[in-house]
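To start, the structure itself, in structure tokens.
Readers should treat all values here as calculations from the given coordinates under stated rules, not as data from a laboratory. Please read all numbers here as calculations on a predicted model, not as lab measurements. Neighbour counts are summed over all protein chains in view; Cβ atoms, including those assigned to glycine, are modelled from backbone coordinates with ideal geometry.
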Amino acid sequence: MDGAKFGMEVDFDGCNDQNARPSHTKTLLWCMTLARKVPHSSMRRYRYSARNGPLGCFHPDPEDVLDGIADSIIEHGDLRKALRLLMQQGFTDRHGRFVPGLRDIRDRLFDMRQQSLVECDAPDAARDRWLMELERLDRMLDSVFWGTDVDAIDDGLVNKIMGEGAKSQVRVLKELAEGLEQYVERNGTQLELTARGIRRIAQRAMLDVFSSLRRGSFGGHALRRYGIGGERLEASRPYQFGDAFAINLGRTIMNAVRRADDRSSIRLAPQDFEVHDTESVVRCTTVLLLDMSGSMARHGRFAAAKRVALALDALIRTQFPRDRLHVVGFCTYAQELQLADIPSLSPKPLGFFPHFYRSMYRNPLGFVNVQVDAAEAARGRASVPAAFTNIQAGLQVAGRLLDRQHAANQQIILITDGEPTAHLRGRNICLEYPPSPHTLTETLKEAKRCTHRGITINTFMLGENDPMKRFVSELTKVNRGRAFFASPTSLGEYILVDYVANHGAKAA
């Protein structure tokens, strides 16, 4: 704060001695006491930090910034909103350094205003002008806090009212999005994640899942049974009779060089040869069926499901590169999803549809029994309710994707929180709630077709109501897959650990 014209400035921001810095409360009381001793004609103003320590003016690493907004992106599906929340709240980087957000700056500004009002109650033109500028800065910060672009903040005004430290903080906040250029790109007025940014978030999601496991509760995440076929490892060992002749040429030549007396003439000997170890690999194609119906919006279920999809993609890409993963989202209809679409996905809202409520009104029990055109539903027509649960359509799309692959092992991972409430009938989709026996029968028929093609269906349930339990019980009888009850917080552990363990079992 610029207090030179008032004759005195108390600046705790530049004080590095933590013991000499009074706490927030003590500072305020100290300033109030001192202000009472100062004549009104020579009013002083004081500046202090709401935090005990120097202001955080360093420039954070872009990876730390992306990690800071990753959970918010997954939860809200909105990159711009995630950045805005980060600017509001601030964050702590991997080194434990805190980057203050707009909330911290506004809190300090509020304290400064309260302090000025306490210092002097007599009219003073200079003080009044300063208070007007302080109010203008407060309105500016408030508008940015609730959505206005951060560039609307006047750096000069921040410097004049709060000092160079606060100005540097604002500059850091303004440069957050620019520093993410390798992870975020602009598409017109929209901000979108790049492929590198999506992979970074997926990798973080996978590491979060495995780091949450208790030590010893699960073994190595990669199958380590060495053999004569599979993925080649960087490690190598001396050749033995019967080994596959996967020569590590660099190590082999270096062994010959070390052994040779005359470096001008190098001859290879049997003991020089080293071969790469190989890791047994079982190729598996997986389709992750992701429930996008309206009920998934509750209790953080959909955010947990998205996090699992990203983590499973990272696991397969880094640990099992010969495996394949497809993601299919299903609601009233079903469609394949690309990895780039997953962070911004949201469950389908129920919405208001006149014909939908007319059907409920005509039925004295409040049942829903509506047919919609399947093609219009797939095109996302606004007139079609999209919040129903069409597991049958999801299994059909998954089956077609698996038919294109020739993997020895094929599986469907079904994540849902309820029994099916929609099924296909010719070119139409029947929406029925509560679920009719016909909907359940058609869904189980599709599961049986998957069984005949050798596809395993493993179901992960995010709800435990009795109708769903009965449906899943019938599904496991038809397909002989497995069923798990999981909470949103444990869903990732269930699926990733089960994937790796099952992968190892198939290789054994």
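With contacts taken as Cα pairs under 8 Å and at least 6 residues apart, region 436-508 reaches a relative contact order of 32 percent. Between the beta carbons of Asp142 and Asp341, assuming R0 = 41 Å, the FRET efficiency works out to 0.75 to the nearest 0.05. Among 199-205, 159-165, the peptide with the highest mean count of other Cβ atoms within 10 Å heads the list, and the full ranking is 199-205, 159-165. Gain on full extension, evaluated as 0.36 nm per residue between Phe98 and Glu376 minus their Cα-Cα distance, stands at 95.1 nm.
Each Cα pair under 8 Å and six or more residues apart adds its sequence gap; the mean of these over the residue count of region 284-507 is a relative contact order of 24 percent. With neighbours defined as other Cβ atoms within 10 Å of a residue's Cβ, the residues Ser293, Ser236, Ser346 order from fewest to most as Ser346, Ser236, Ser293. Listed peptides 440-451, 138-149 appear in the order 440-451, 138-149 once ranked by packing, highest mean of other Cβ atoms within 10 Å at the front. Computed from phi, the 3J(HN,Hα) profile of region 314-326 under the Karplus parametrisation 6.51, -1.76, 1.60 (θ = phi - 60°) reads 5, 4, 5, 5, 9, 9, 10, x, 7, 7, 10, 10, 10 Hz, with x in place of Gly and Pro. If you count the DSSP beta bridges with both ends in region 284-507, what percent of them are antiparallel, to the nearest 5? Roughly 35 percent of the beta bridges in region 284-507 run antiparallel, per DSSP.
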